Amino acid sequence: MPQSFSEGVRAGGLRDQQEIQVLLCYLIDTVGGRLEERLLTECILANEIANHFETAAALEMQIKRGNITEENGVLTLSDAGREIARVLAGNLPLTIQERAVQSAVRLLAQHRNAASTKVEITPTDLGVRVTCSADTSDQPVMSFSLVVADNAQAELVRDRFLQDPVLLYRTMVEVLMNPDLKKTADMLYIPLRRNDNR
């Protein structure tokens, strides 16, 4: 496999060109399939995951192959690129996957001022529905809806979400991407409903 240069790469980083190409697809897929090119580059370089020049070359190759498309500085995955992200990403070192996702989350935090948030509170037969969403530019980042008992709880949910939507996003990602849900719940002090038949 073609090897990349090591300059600007932390120990344990990627030096294999094919692995870097897979990482690009994986990162774009992780944030919803669309990402600004400058943010993708910043995400990789911030943690010294791969060399700057090799990252640029890998991106150019993926664009030529049609796995990633670029329009006005925004990168989008094709179906083939999404397949690469979800099938081949498992070949990447787990530490690299974790560092890349954490870097992406931190990047969202750094750009929180550019994010727009929205909260809708609506009465229902079951209680009060709270719908929270956060967007960056024209790209949806997070959206969820839940029903609480009354307006007081709905307003508390709204206030907590608006206080730090990026922290909530990061927590949700960490919980959902952890293969050991029970261990994660214990760490976060979340009681899990047990199956009575067990």
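The values are calculated or read from the model by the stated rules, or taken from the named source; none is laboratory data. Remember, predicted model here, so these are calculated numbers, not experimental data. Using ideal geometry, Cβ is built from the backbone for each residue, glycine included, and neighbour counts are taken over all protein chains shown.
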Exercise for the section: Identify the single condition in (1) farther than 22 Å from MET142 by Cβ; (2) part of a helix (DSSP H, G or I) that CYS43 does not satisfy, given that it satisfies every other one. Expected result: (1)
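Against the definition (crowded, with 17+ Cβ neighbours inside 10 Å, over 29 Å from ASP164 (Cα atoms) and touching a helix residue (DSSP H, G or I) at 6+ places or on another chain (Cβ under 9 Å)), how does GLY90 come out, yes or no?
Numbers: crowded, with 17+ Cβ neighbours inside 10 Å: no; over 29 Å from ASP164 (Cα atoms): yes; touching a helix residue (DSSP H, G or I) at 6+ places or on another chain (Cβ under 9 Å): yes.
In short, no.
Considering the stretch 75-87 alone, what residues qualify as being β-branched (Val, Ile, Thr) and without any contact (Cβ under 8 Å) to a residue 60 or more places away in the chain? Before the answer, list the steps.
Of the residues in the stretch 75-87, the ones β-branched (Val, Ile, Thr) are 76, 84, 87.
Across the stretch 75-87, the qualifying residues are THR76, VAL87.
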Practice task
Consider only pairs whose beta carbons are under 7 Å apart and that are at least six residues apart or on different chains; among these, list those whose first residue lies in the stretch 114-138 and is at positive phi and assigned by TED's automatic domain parsing to the domain that holds LEU156 and whose second residue is of a type outside the set (Phe, Trp, Tyr) and modelled with pLDDT of 90 or more.
Solution key: GLY127/VAL147; GLY127/VAL148; GLY127/ALA149; GLY127/ASP150
Handout entry: Near pairs, Cβ below 8 angstrom, 6+ apart or cross-chain, from the stretch 61-74 (over 19 Å from VAL87 (Cα atoms) and of a type outside the set (Ser, Thr, Tyr)) to any residue that is assigned to a loop (DSSP other than H, G, I, E, B) and at pLDDT 95 or above
Key = none
Exercise for the section: Would you point out the residue of the stretch 4-46, among those that are acidic (Asp, Glu) and more than 14 Å from VAL74 (Cβ to Cβ), that is modelled with the lowest pLDDT? Expected result: GLU7
Fill in the blank from the handout: Subset of the stretch 62-80, residues aliphatic (A, V, I, L, M) and under 21 Å from GLU42 (Cα atoms), comes to ILE63, ILE68, VAL74, LEU75, LEU77
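Yes/no matrix, rows are residues, columns are (1) basic (Lys, Arg); (2) surrounded by 15 or more Cβ atoms within 10 Å (Cβ to Cβ); (3) within 17 Å of the chain's Cα centre (by Cα):
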| position | (1), (2), (3) |
| --- | --- |
| CYS43 | no, yes, yes |
| ASN47 | no, yes, yes |
| HIS52 | no, yes, no |
| ALA56 | no, no, no |
| LYS64 | yes, no, no |
| ASN72 | no, no, no |
| GLN97 | no, yes, yes |
| GLN102 | no, yes, yes |
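Restricting to helices (runs of 4 or more DSSP H) lying wholly in the stretch 78-180: which have 2 or more residues that are modelled with pLDDT of 90 or more and out of contact with any strand residue (DSSP E or B) (no Cβ under 7 Å at 6 or more places or on another chain)?
Details: elements: 79-88, 94-110, 151-163, 165-177.
It comes to 79-88, 151-163.
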